[in-house]
Amino acid sequence: MQDESGKLTGVITDGDVRRYLEKNANGSMKSVMWSATATEIMSAVSITFETNQLSAHALHVLQDRKISAAFVVENEKPIGLVTMLQLLELGVA
């Protein structure tokens with residue numbers, strides 16, 4: 001999600017969806033998800049990369065935090081996404 005100025009404020013991961021479903025297990029998956037808003041499910045963004053950060057650093061952070069992707073930002077606005085698979089395919093490891 002982005003705020004009015006375009007700054008990244010949150011993301012929804014598969015883990016966020018699983019946790020939300022577990023907290024709302026009293027309804028069917030369909031009814032729970034169709035009534036949910038992004039703000040209710042999302043996590044605040046904590047891992048981002050600036051455009052000038054080295055790809056080896058990005059790979060280390062992704063591995064260390066056990067996440068598969070993170071946004072690339074410029075002036076706190078998302079401009080792309082980098083994934084562990086992309087970095088490995090480029091031979092960063």
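If you go through segment 67-90 and pick out every residue that is free of Cβ contacts under 8 Å to residues at least 60 places away in the same chain and charged (D, E, K, R), you end up with 2. Of all the criteria given as (1) surrounded by 15 or more Cβ atoms within 10 Å (Cβ to Cβ); (2) touching a residue at least 24 places away in the same chain (Cβ under 8 Å), the one not satisfied by TYR20 is (2). Looking only at residues of segment 6-43 that are polar (S, T, N, Q) and farther than 19 Å from GLU76 by Cα, we find that the one that is nearest to the chain's Cα centre (by Cα) is THR13. In the set (1) without any contact (Cβ under 8 Å) to a residue 24 or more places away in the chain; (2) under 17 Å from MET84 (Cα atoms); (3) not assigned by TED's automatic domain parsing to the domain that holds GLY91, the condition left unmet by ASP64 is number (3).
Just name the residue that is modelled with the lowest pLDDT out of those in segment 30-52 that are touching a helix residue (DSSP H, G or I) at 6+ places or on another chain (Cβ under 9 Å) and not β-branched (Val, Ile, Thr).
Looking at residues that are touching a helix residue (DSSP H, G or I) at 6+ places or on another chain (Cβ under 9 Å) and not β-branched (Val, Ile, Thr), I get SER46.
Restricting attention to segment 44-66, does a residue exist that is closer than 19 Å to ARG19 by Cα, part of a loop (DSSP other than H, G, I, E, B), charged (D, E, K, R) and under 16 Å from the mean Cα position of the chain (by Cα)? The answer is yes, given that some residue of segment 44-66 is closer than 19 Å to ARG19 by Cα, part of a loop (DSSP other than H, G, I, E, B), charged (D, E, K, R) and under 16 Å from the mean Cα position of the chain (by Cα). Among all residues of segment 23-33, there is none that is in a loop (DSSP other than H, G, I, E, B), in contact (Cβ under 8 Å) with a residue 12 or more places away in the chain and loosely packed, with under 14 Cβ neighbours inside 10 Å.
The values are calculated or read from the model by the stated rules, or taken from the named source; none is laboratory data. Bear in mind the structure is a predicted one, so any value in this text is a computation, not a measurement. As a convention, Cβ positions derive from the backbone with ideal geometry for all residues, glycine included, and neighbour counts pool all protein chains shown.
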